[in-house]
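Student: First, the structure itself, so that you have it in front of you.
The values are calculated or read from the model by the stated rules, or taken from the named source; none is laboratory data. No experiment lies behind these values; they were computed from the predicted model shown. Here Cβ is always computed from backbone atoms with ideal geometry, including for glycine, and neighbour counts include all displayed protein chains. When the accessible area is computed, the model is the full protein with side chains, heavy atoms only, and any ligands, DNA or RNA have been set aside. Shrake-Rupley method; radii C 1.70, N 1.55, O 1.52, S 1.80 Å.
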Amino acid sequence: MRYVTQKRSIVMIFDELSQFSLYTNLHKQFADVKTYISNTDLQALPNGKHPINNSGAFASVNEYEPKPETDCFVECHRKYIDIQLITTGEEYIGYCPVSDCTAQPYDEEKDLQKLSGTVSYLRMKPGMFAIFFPHDGHMPCMRVQETPSKVKKVVFKIPV
């Protein structure tokens, strides 16, 4: 299990997908995500939004080429927890606590707040996942190599 406690809250989690069941007790809808992952060919899912349950959780599937770090930004969300996993390719995701960042105005419609801060880097590849809570700043979509390979990512959005 690879999570860190900070005061009374859990911070970002980064682990192997085979270990996801260790975290289902952290939120009532994480079990629905585990069931969805177990019963779905994630690689075959088309781009777009896919409902997970009747409680507002969904999967957002996207294929893209990762970008240089200079074209990426740190972000956080207030309404959703992100569970990010890659089915094809690799990318870096930066991480920093929101409390260590300078925040721009929150866009309620997009549930997006851009941040400025110094990040630590996670190398995401197939078989890994990361969970970002509202207090976790994250900078996704960074290329690993100068010539990026295409990435297919599933982001599970779980209502807080």
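Student: So how much accessible area does residue 70 have, in Å² to the nearest 10, using a 1.4 Å probe?
Tutor: Probe radius 1.4 Å; accessible area of residue 70 about 130 Å².
Student: Which of the aspartates and glutamates could be linked to residue 152 by a straight reach, that is with a Cα gap under 14 Å, when you skip same-chain ones fewer than 8 residues away?
Tutor: Reachable aspartates and glutamates: 41, 63, 65, 90, 91.
Student: May I pose another question? For the stretch 78-160, what is Rg from Cα atoms divided by 2.2 N^0.38 Å, rounded to two decimals?
Tutor: That works out to 1.11 for the stretch 78-160.
Student: Using a 1.4 Å probe on the protein heavy atoms, what percent of the accessible area of the chain belongs to carbon and sulfur?
Tutor: So the carbon and sulfur contribution to the accessible surface is 48 percent.
Student: May I ask you to give the solvent-accessible area per residue for the chain, in square angstrom, as obtained with a 1.4 angstrom probe?
Tutor: Counting only protein heavy atoms, the per-residue value for the chain is 53 Å².
Student: Running Debye on the chain with equal point scatterers at the Cα sites and no solvent, what base-10 log of I(q)/I(0) appears at q = 0.14, 0.16, 0.21 Å⁻¹?
Tutor: Calculated log10 I(q)/I(0) at the listed q: -0.68, -0.92, -1.63.
Student: To make sure I understand the rule: partners must be lysines, Cα under 22 Å from the Cα of residue 114, and not fewer than 8 residues away in the same chain. Which ones qualify?
Tutor: Correct list for residue 114: 67, 79, 153, 157.
Student: Right, another one. Rounded to the nearest 500, what is the 222 nm mean residue ellipticity of the chain from helices alone, with -39500 (n - 2.57) per DSSP H run of 4+ residues and division by all residues?
Tutor: -2000 deg cm²/dmol
Student: Let me ask something else about it. First check a/c for the stretch 39-113, with a ≥ b ≥ c the square roots of the eigenvalues of its C-alpha gyration tensor; if it is under 1.5, answer rounded, and if not, answer prolate when a/b is larger than b/c or oblate otherwise.
Tutor: Since a/c reaches 1.5 but b/c is at least a/b, the shape of the stretch 39-113 is classed as oblate.
Student: Sketch the reach of a paramagnetic label on residue 15 as a point 7 Å from Cα along Cα-to-Cβ, and name the residues of the stretch 118-160 whose backbone nitrogen lies under 12 Å away.
Tutor: 129-131
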